[in-house]
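Everything below concerns the one structure shown next.
The values are calculated or read from the model by the stated rules, or taken from the named source; none is laboratory data. Note that the coordinates shown come from a computational prediction; the quantities given were computed from them, not determined experimentally. Every residue, glycine as well, gets a Cβ built from its backbone with ideal geometry; the counts of neighbours run over all protein chains shown.
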């Protein structure tokens, strides 16, 4: 028998940590956009441009309106347990 558990843990990020993570994500997207522009003649992926734009907006919202970011950690656990054996005894008389 396999038993399974799931738990989710949350951590509220400080403003400083949230701004740092958002800025690092924005810088990473910016670098990806620049690398893509140098390496190929194809258009830069829309997702990269969108990520850069959204991260700028999120950082602005953290600074202006006090937006709070929360980090989540999902944990899935599975454990094999010994099978239970039935120990019924017959109470019928013959």
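Return yes when residue 67 is in a strand (DSSP E or B) and modelled with pLDDT under 95 and no when it is not. Give the steps one after another, and end with the answer.
Working: in a strand (DSSP E or B): no; modelled with pLDDT under 95: yes.
No.
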Original post:
Across region 13-44, which residue is nearest to residue 65 (Cα to Cα) among those that are without any contact (Cβ under 8 Å) to a residue 12 or more places away in the chain and not in a helix (DSSP H, G or I)?
Top reply: 14
Original post:
Out of (1) in a strand (DSSP E or B); (2) farther than 20 Å from residue 67 by Cα, the odd one out for residue 10 is which?
Top reply: (2)
Subject >> Scope region 59-82; condition within 12 Å of residue 15 (Cβ to Cβ) and over 17 Å from the mean Cα position of the chain (by Cα); matching residues >> reply: 59, 61, 62, 63, 64, 65, 66, 67
**OP:** Would you check if residue 56 is surrounded by 13 or more Cβ atoms within 10 Å (Cβ to Cβ) and either at pLDDT 85 or above or within 18 Å of residue 12 (Cβ to Cβ) (or both)?
**Re:** yes
**OP:** Of the numbered conditions (1) closer than 30 Å to residue 1 by Cβ; (2) modelled with pLDDT under 90; (3) not in a loop (DSSP other than H, G, I, E, B), residue 72 fails exactly one; give the number of that condition.
**Re:** (2)
Original post:
Quick one: which of 81, 89, 40 is touching a strand residue (DSSP E or B) at 6+ places or on another chain (Cβ under 7 Å) and modelled with pLDDT under 90?
Top reply: 81
